[in-house]
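Novice: Quick one: the structure is below, and I'll ask about it shortly.
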Amino acid sequence: METFFSFLEKRVDDSSSLLCVGLDPHVSDLPSPTAAAALTFSLNLVKQTARYAAAFKPNAAFFEVFGAEGWTALKRVIEAIREESDRMGSRIPIILDAKRGDISSTAEAYAKSAFESLDVDCITLNPYLGKDSIEPFLGYKERGVFLLCKTSNAGSMDLQNLLVMPMGSDMPMPLYVYVAKLAQQWNEKNNVGVVVGATHPQIMEMIRAAAPELWFLAPGVGAQGGELEITLKAGLRADGKGLLLPISRAISRAENPGKAAAEIRDDILRIKRELKSI
């Protein structure tokens, strides 16, 4: 049976890419503050960048802000990605950036919404409520989750850097390392990864050491200050995979988004080759 990450790795191979194109229709980037404008913005990005994308990551909040019309627009964007996938003969994974996290009965509804109603392949989750809040999503064996581990925002240190003493351990560890270790335990079906911000490359190295096989979703390259080469060096697995790089504004605000996506994809490939030769 295909798992989410075996599916993702196939697309990585097909596209020779680790680029995850973020679909973030900020109101400030739209000609008018409407769901229709958000839809046009996103469809244009999908059409121009699909061939270079290992995955797409629509941010639910930028659609939800428009109410029911925004939800309809999000569903149309997902359909458009499927259409582009069919045209190319290579299915592109869709990661819903929603950061859900709630008690199990509510989580069941969130999982059904994401994986059945919207039909996305993966979702970002907040693991703060523990394993029973994650399990409803893991029940969808061919879908995936990325758990927030060490996020790219400056305020992440308020909680994520705290030292914790897990039961049965005699040594404290940062909370983000403990989350990575839990994610590794919960990854029984090859469908759990972690979100690790590119703005913290030294911490990314620590998390990679704690979870050598997990896939990382690593936001923060570009607009938030993360550097591409340093991020790849810190986060890639030994096989040259395991790291998905979401980039949004550097592509969507470029004069030619398709060209920008191609250049980023090619930069990733070049740096990977250079690192391999060291």
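The values are calculated or read from the model by the stated rules, or taken from the named source; none is laboratory data. Keep in mind the model is a prediction, meaning the values are calculated, not measured. Counting neighbours? That spans all protein chains shown, and the Cβs are built from the backbone with ideal geometry, glycine included.
Novice: Can you name the residue in the range 103-121 that is touching a Leu at 6+ places or on another chain (Cβ under 7 Å) and at pLDDT 95 or above and is also surrounded by the fewest Cβ atoms within 10 Å (Cβ to Cβ) among such residues?
Specialist: It comes out as Leu118.
Novice: Kindly indicate whether any position in the range 68-76 is farther than 18 Å from Ala254 by Cα, basic (Lys, Arg) and not in a helix (DSSP H, G or I).
Specialist: No, because not a single residue in the range 68-76 is farther than 18 Å from Ala254 by Cα, basic (Lys, Arg) and not in a helix (DSSP H, G or I).
Novice: Further, regarding this structure: Residues to consider are Ser152, Ser169; find the one that is over 20 Å from the mean Cα position of the chain (by Cα) and not β-branched (Val, Ile, Thr).
Specialist: Ser169 is the lone residue from the list that is over 20 Å from the mean Cα position of the chain (by Cα) and not β-branched (Val, Ile, Thr).
Novice: Can you tell which of Lys75, Lys99 is surrounded by fewer than 21 Cβ atoms within 10 Å (Cβ to Cβ), within 17 Å of the chain's Cα centre (by Cα) and not β-branched (Val, Ile, Thr)?
Specialist: The match here is Lys99.
Novice: Report, by residue number, each residue of the range 41-77 that is among the β-branched types (Val, Ile, Thr) and more than 18 Å from Arg100 (Cα to Cα).
Specialist: Selection gives Val46, Thr49, Thr72, Val77.
Novice: If we scan the range 186-197, do we find a residue that is in a strand (DSSP E or B) and either among the hydroxyl-bearing types (Ser, Thr, Tyr) or surrounded by fewer than 20 Cβ atoms within 10 Å (Cβ to Cβ) (or both)?
Specialist: No, because not a single residue in the range 186-197 is in a strand (DSSP E or B) and either among the hydroxyl-bearing types (Ser, Thr, Tyr) or surrounded by fewer than 20 Cβ atoms within 10 Å (Cβ to Cβ) (or both).
Novice: Is there a residue being under 21 Å from Val145 (Cβ atoms), aliphatic (A, V, I, L, M) and out of contact with any Leu (no Cβ under 8 Å at 6 or more places or on another chain) anywhere in the range 226-245?
Specialist: Looking for residues that are under 21 Å from Val145 (Cβ atoms), aliphatic (A, V, I, L, M) and out of contact with any Leu (no Cβ under 8 Å at 6 or more places or on another chain), one finds none in the range 226-245, hence no.
Novice: Going through the range 82-119 one residue at a time, which ones are in a loop (DSSP other than H, G, I, E, B) and not charged (D, E, K, R)?
Specialist: Hits for the range 82-119 are Gly89, Ser90, Ile92, Pro93, Gly101, Ile103, Leu118.
Novice: Separate question: Where residues in the range 203-243 are in a strand (DSSP E or B) and modelled with pLDDT under 95, which of them is surrounded by the most Cβ atoms within 10 Å (Cβ to Cβ)?
Specialist: Val221
Novice: Report, by residue number, each residue of the range 26-39 that is in contact with a helix residue (DSSP H, G or I) (Cβ under 9 Å, 6 or more places away or on another chain) and farther than 13 Å from Pro257 by Cβ.
Specialist: Result: His26, Val27, Leu30, Pro31, Pro33, Thr34, Ala35, Ala36, Ala37, Ala38, Leu39.
Listed here are the residues, each with its yes/no results for (1) charged (D, E, K, R); (2) touching a Ser or Thr at 6+ places or on another chain (Cβ under 9 Å); (3) farther than 19 Å from Thr124 by Cα.
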residue: Leu39; (1), (2), (3): no, yes, yes
residue: Lys47; (1), (2), (3): yes, no, yes
residue: Lys57; (1), (2), (3): yes, yes, no
residue: Ile81; (1), (2), (3): no, no, no
residue: Gly89; (1), (2), (3): no, no, yes
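Novice: With the condition kept exactly as written, say whether any residue in the range 142-149 is surrounded by 23 or more Cβ atoms within 10 Å (Cβ to Cβ), modelled with pLDDT under 95 and in contact with a strand residue (DSSP E or B) (Cβ under 8 Å, 6 or more places away or on another chain).
Specialist: Checked the range 142-149: no residue is surrounded by 23 or more Cβ atoms within 10 Å (Cβ to Cβ), modelled with pLDDT under 95 and in contact with a strand residue (DSSP E or B) (Cβ under 8 Å, 6 or more places away or on another chain).
Novice: Go through the range 117-133 and give me each residue that's hydrophobic (A, V, I, L, M, F, W, C) and either at positive phi or out of contact with any strand residue (DSSP E or B) (no Cβ under 6 Å at 6 or more places or on another chain) (or both).
Specialist: Selection gives Leu118, Leu129.
Novice: Being of a type outside the set (A, V, I, L, M, F, W, C) and touching a residue at least 60 places away in the same chain (Cβ under 8 Å) is the filter here, so list the residues in the range 61-100 that pass it.
Specialist: Across the range 61-100, the qualifying residues are Ser90, Arg91, Pro93, Asp97.
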